[in-house]
Amino acid sequence: MCAQTTLDLASSTAQNQWKRVGIRHHHGIDVALFSLRSRSSGGIGEYPDIKPLISWCRDVGFDTIQLLPLNDTGTDASPYSARSAFALNPLHLGLRYLPNLERYPNLDTILDKLADLNERKRVDYEKVTQLKDLFLQQYYAWEHPEVSASDEYQRFLLDNPWLETYAYFKVIKELRNHESWKRWPSGLRESSPAALASLKHQQRYKWQYYQFVQFLCFAQLRDVRRHADAAGILLKGDLPILVSRESADVWSRQELFHLDKTAGAPPDMYAPQGQKWGFPIYNWDAVADDNYDWWKERLEVADNFYHLYRLDHVLGFFRIWAIPNRKSAKHGSYLPKDAKEWLPQGRKTLEILLANASMLPIGEDLGVVPEGVRPCLRELGICGTKVMRWERDWDGDRSFIPGTDYPPESLTTISTHDSHTLAQWWDECPDEARDYADAQGWPWSSELNIDERKSILSDSHNSASLFHINLLGEYLALVPELVWPNAKDERINVPGTVNSKNWSYRTRSYLEEIVENEALAEAIRDVLP
């Protein structure tokens, strides 16, 4: 029944995407790559670290790995603040896996320093960035002449025309000490062809460096995709709807954005002052006039790596809270202003996305959802997201909605990278947790025990949703010595705050310890259907 409903209501394109992933229940983990630490990584999780995780997932019974965004974020730690919607983050490049490394023993000192950073409790972005760039600059000087002459490298340049603009942006950012592009000299600020041609002539060595590094990143992540294909594991990427104002995309395609406004959220019970995210919003008329080419190219690049993808803030395709740059969030308003335009705009845009990728999208539709949006998503074959603790009869007796009542076109999860972990929720939101315990018929305890955790995880995997994905840390907590003693140290991000702990979370245990832990494997098999 679930599969038939999806196929009957989806477009023909969505039907094909569903067939590729399989119209059945999928179970998996959600991973922040930066949080992994293996014996070979250098202070941060790296692309090759995904491969042993793939094999482990296959062995314990998972078939899906969801990854937080992997785009280049420059000097920003947040994976949702991309400096490019296309380029991969060089921080995740597995240096020890690069070709011909045996030729350069003098680089071992840098590798040793990076290995030392593996012992740190949190990611030290500044030191990892400095050391990896120092390594790659030397590696580039030796390897680029030979690599750049290869057919594979030349084909990579031809297949990725966005690389030229991205490399220009990175070069100028470095030359001007990472200042905002709005303060760049005239010509560069407007990305005029003449100014860029002059820059390329003067900085060709550095311009080619940034393209070379992307070649290495793409090679490693494509290798991960091949490993996943061979193991029968689906990789789910994450495509944030918005990109940083300080991105190559906004700088080079200013006409596609309303630069006098920033995206956010209106005041609500969780954020009385509203939220101001700092990202520019799209000029959808200009995007349409451009035949959605920027979005099409973005999807084409992601298609290299993923079988499906998370559409962050899918509601923003229908309408988005737009705030004048110098005003607070409460002074914003929805765009389009006319609510009658919301559904037509969202449907048209999502149909374009569906038609231009083989990947199946899964929408993050949390928050206040306008009437008609969820039926539209279902008709397009796009799943929504169900966070169990938030699925309640809010207008009635506030009872928890059973997972067996969730629509099949959905993803069930216990927590997200932006929320409390399960243990933290139980500890810091005792009234809500007590309600949940009462609904389960459990005697109340302020501490979540292993049996209760296993029961909640089991419920998440036995909902009516076709996708069941939880943060890796929620499973690691089934074996307490694998996680940090303080539940707060397992949290990935606290929205609306700026602090050193956001996005710096690292698993307590090394990846090798995780994949070899039989107690963990057995506990996971116990909670899966």
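Where does the chain land on the Kirkwood hydrodynamic radius, alpha-carbon pairs, in angstrom?
Every distinct Cα pair counted, the radius reaches 24.2 Å.
Mind giving me the nanometre distance, one decimal, between the label points for Ser198 and Asn462, set 7 Å out from Cα along Cα→Cβ?
7.0
Given all pairs of different Cα atoms, what value in angstroms does the Kirkwood hydrodynamic radius of segment 75-231 take? Don't skip to the answer; put the middle values down first.
Numbers: mean 1/r = 0.0580 Å⁻¹.
Over segment 75-231, the inverse of the mean reciprocal pair distance is 17.2 Å.
Find me the longest stretch of the chain that has none of the exposed chymotrypsin sites (Phe, Trp or Tyr not before Pro), where exposed means in a DSSP loop (not H, G, I, E or B) with at most 13 other Cβ atoms within 10 Å.
Formally, the longest exposed-site-free interval is 1-269.
Give, in nm to one decimal, the length gained when the segment between Glu126 and Glu428 is fully stretched (0.36 nm per residue of separation minus the Cα-Cα distance). List each step's numbers first, then the result.
Numbers: separation 302, 0.36 × 302 = 108.72 nm, distance 3.18 nm.
Result: 105.5 nm gained on full extension.
Kindly state, to the nearest 0.05, the FRET efficiency for Asn325 paired with Ala519, given R0 = 41 Å and r defined as their beta-carbon distance. Show your work: numbers first, answer last.
Working: r = 53 Å, r/R0 = 1.28.
Calculated transfer efficiency: 0.20.
Give the calculated FRET efficiency between Glu255 and Thr497 to the nearest 0.05, with a Förster radius of 41 Å applied to their Cβ-Cβ distance.
0.80
Any chance you could run the full-extension gain for Asp112 through Ser399? It's 0.36 nm times the residue separation minus the Cα-Cα distance, nm to one decimal.
97.9 nm is the gain from fully extending Asp112 to Ser399.
On the first, second and third principal axes, largest extent first, how far apart are the outermost C-alpha atoms of segment 170-324 in Å?
That works out to 53, 48, 31 Å along the principal axes.
Within the chain, which DSSP H helices have Cα atoms that stretch 18 Å or more along the helix axis and a mean Kyte-Doolittle hydropathy of at least 1.0?
Counting only whole DSSP H runs, no helix qualifies.
Not counting the cut sites, what is the longest span of the chain without GluC sites (Glu not before Pro) that DSSP labels loop and that have at most 16 other Cβ atoms within 10 Å?
Numbers: sites that count: Glu119, Glu179, Glu190, Glu371, Glu447, Glu516.
Between exposed loop sites, the widest span is 191-370.
Starting from 0.36 nm per residue, how many nanometres of slack lie between Glu341 and Asp76 once their C-alpha separation is accounted for?
So the extension gain works out to 91.9 nm.
Computed from the coordinates by the stated procedures, all read-outs in this text should not be read as laboratory data. Keep in mind that what you see is a predicted model, and the values were worked out from it rather than measured. Because the Cβ atoms are built from the backbone with ideal geometry, glycine has one as well, and the counts that use them run over all protein chains shown.
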